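The values are calculated or read from the model by the stated rules, or taken from the named source; none is laboratory data. Computed from a predicted structure; not experimentally measured. All Cβ positions, even for glycine, are placed from backbone atoms using ideal geometry, and neighbour counts span all protein chains on display.
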Number of protein chains: 2
Amino acid sequence: MEKTNKILDAALKLFVEYGFHGTPTSKIAQEAGVANGTLFNKFKTKDDLIVALFVDIELRMSKFVEENSKETTSFKDTFKELYFASLYWIIDNKIEFRFVQQFKTSPFLSLIAPEEIEKAHKPICELLQKGIEAGVIKPLPVDYLVMLISSLIYGLNDYLIKNEFSKPKQHAVISDTFDLLWDMIT
Amino acid sequence: MEKTNKILDAALKLFVEYGFHGTPTSKIAQEAGVANGTLFNKFKTKDDLIVALFVDIELRMSKFVEENSKETTSFKDTFKELYFASLYWIIDNKIEFRFVQQFKTSPFLSLIAPEEIEKAHKPICELLQKGIEAGVIKPLPVDYLVMLISSLIYGLNDYLIKNEFSKPKQHAVISDTFDLLWDMIT
DNA sequence: TTTAAAATTGACTAATCAGTCAGCAAAAGT
DNA sequence: ACTTTTGCTGACTGATTAGTCAATTTTAAA
C-alpha cells in the first residue's frame, strides 16, 4: 500500500475518533507507520490532508455508485438503483461517511469550492431532470428534490445505525423508505 | 448580562467560525470580555463548556417550540404548529443550529447521555403516538417517523440557507414541504 | 558499478494552549 | 467599621503542536 494511502487511512480513523484538531499529525504518522516528515512531504499542511481526504472519499463514493447502479429501461428502477447503491455504500463505509458529515458541518467546508461539493450530486440531478421531463417526477426544482432525497438517505442511515437490525430487516426498512420517497416525489 | 452567558455567547460564535479545537479558551474569554481565569471558574474544563453550550441551546429550542406552538383541536394543525415552530426557531437561530449540527457529528457527542439527546424529541414523539392511536398517522415506529420528519426539517433548512428566498417565498416552500411530509406519514 | 535524484527519516523549534493560583476587589454578614 | 466570603483577575507553566531540515536510505539512470 502506498504511503500516501496509509496516511489517508490513518487520518480517517483518527479524525472520526478524536476530531480534526483533536488528532495531532504525529499520531497520524505513527498510526500510518511513517515518519513525521513524510506526512508533510505528501501533504503540505494538515489542512491540505483534511481536504484531500474529503475529496478522496467523495470520489470513492461516486465511483462506487456509478459502478454499482445499472441503467435500466424503467426510470423508477434506474432511480432505485441509484438510491440503493448510495445507501449501501454509506452502510458499508460508516467511518468514511461519519468523516464526510463531520467535514460538511465544520469550518473546513469553506476550504472547498461549492462546485466540488455539488459534483457528487451530478448523476442524481441529471436523472431527476429526465424524470421531470418525462412527466414521472413532480416538476419541482431539482436541487429541492435532491435535498429531499439526500436528507432522507442521511436520516435513514442514522436510524439504521441506532437500531441494529438484521440484514433482511434492514433491507426491508430501506425498501419501505424507498416507497415512501417515491410516492413523495411522483 | 451574566458573565456565564457572555462566555456561552462568545463560545458559540467562535466555535461555529473556527471549530471546537480551533478556538482557544483565551479567545473565548477575550471575546466575552472576561478574564481567562473566569472562564475556568464558570466551567471546569473546555469540554464542560462545550457540553454546557449544547445543553443550553437544546433547552432554548425546546422552550421556544413549546411556547410557540398552540395546542389545537385538529391533530393536523397541532402537528403543523410544532413543525413550523421548529423550523422558525432554526431559521432565526442559524448559528445555534450550526453549532448543534457540528456538535452532533463530532466526537463530543459521546460526552452526553443518549437520553439527553432524545429529550428534545419528546413532544413530537408523544404527539405522533397519539396520531397513530387515532388512526391519522401511518402505524410506523415512532422513532422512524421522527427520523423522517427531522431529516426533512434539517434538509429544508440547509436548502433555505443556500437559496436566499424572500420571506413570502420562504414561507411557501416551508408550507409546501409540510404538505409533502404530511402526505408521506398519513 | 558509479552517480545522481528522489524519497524518507526523526530530532528539533517556535509557537500555542488548557488550566492554575496567588492576590485583588466587591459584597455580604455581623 | 470590621471581617468573611465570594467572585474575578491575568501573569504564569508544563505540555503539546504543526511544520522544518540536515542527514540517511532507496531508487533510477548512466
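Computed quantities for the displayed model
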{"read-out": "Residue list for region A:143-169, filter: farther than 20 Å from B:Lys138 by Cβ, over 19 Å from the mean Cα position of the chain (by Cα) and not basic (Lys, Arg)", "value": "A:Glu164, A:Ser166, A:Pro168"}
{"read-out": "Hey, A:Ala52 of a type outside the set (Phe, Trp, Tyr) and in the same structural domain as A:Lys3 (by TED's automatic domain parsing) or not", "value": "no"}
{"read-out": "Some residue of region B:96-113 being surrounded by 14 or more Cβ atoms within 10 Å (Cβ to Cβ), in contact (Cβ under 8 Å) with a residue 24 or more places away in the chain and away from chain A (no Cβ under 14 Å)", "value": "yes"}
{"read-out": "Those residues of region B:164-179 which are surrounded by fewer than 20 Cβ atoms within 10 Å (Cβ to Cβ), within 9 Å of another protein chain (Cβ to nearest Cβ) and in contact with a helix residue (DSSP H, G or I) (Cβ under 8 Å, 6 or more places away or on another chain), in sequence order", "value": "B:Val173"}
{"read-out": "Lone qualifier among A:Lys76, A:Lys46 - being within 16 Å of DNA strand D (Cβ to nearest atom) and of a type outside the set (A, V, I, L, M, F, W, C)", "value": "A:Lys46"}
{"read-out": "Hits in region B:16-34 - residues which are of a type in the set (Val, Ile, Thr) and within 13 Å of DNA strand D (Cβ to nearest atom)", "value": "B:Thr25, B:Ile28, B:Val34"}
{"read-out": "Single condition B:Gly37 does not satisfy, out of (1) touching a Ser or Thr at 6+ places or on another chain (Cβ under 6 Å); (2) within 12 Å of DNA strand D (Cβ to nearest atom)", "value": "(1)"}
{"read-out": "Selection count, region B:1-50, where residues are closer than 27 Å to A:Phe108 by Cα, aliphatic (A, V, I, L, M) and either touching a Phe, Trp or Tyr at 6+ places or on another chain (Cβ under 7 Å) or within 11 Å of DNA strand C (Cβ to nearest atom) (or both)", "value": "9"}
{"read-out": "Candidates A:Thr73, A:Thr38, filtered to the one that is on the phi < 0 side of the Ramachandran plot and free of Cβ contacts under 8 Å to residues at least 24 places away in the same chain", "value": "A:Thr73"}
{"read-out": "A:Gly19 vs. criteria in contact with a His (Cβ under 8 Å, 6 or more places away or on another chain) and either touching a residue at least 12 places away in the same chain (Cβ under 8 Å) or among the hydroxyl-bearing types (Ser, Thr, Tyr) (or both)", "value": "yes"}
{"read-out": "Test result for A:Ala120, within 30 Å of B:Ser110 (Cα to Cα) and without any contact (Cβ under 8 Å) to a residue 24 or more places away in the chain", "value": "no"}
{"read-out": "Hits in region A:127-163 (condition: more than 8 Å from chain B (Cβ to nearest Cβ), crowded, with 17+ Cβ neighbours inside 10 Å and small (Gly, Ala, Ser))", "value": "A:Gly131"}
{"read-out": "Test: residue in region B:46-60 that is surrounded by fewer than 14 Cβ atoms within 10 Å (Cβ to Cβ) and within 14 Å of another protein chain (Cβ to nearest Cβ)", "value": "yes"}
{"read-out": "Residues of region B:23-43 classified as buried (at least 16 other Cβ atoms within 10 Å of the Cβ) and within 14 Å of chain A (Cβ to nearest Cβ), total", "value": "2"}
{"read-out": "Every residue from region B:51-82 that is aromatic (Phe, Trp, Tyr) and in contact with a Phe, Trp or Tyr (Cβ under 6 Å, 6 or more places away or on another chain)", "value": "B:Phe54, B:Phe64"}
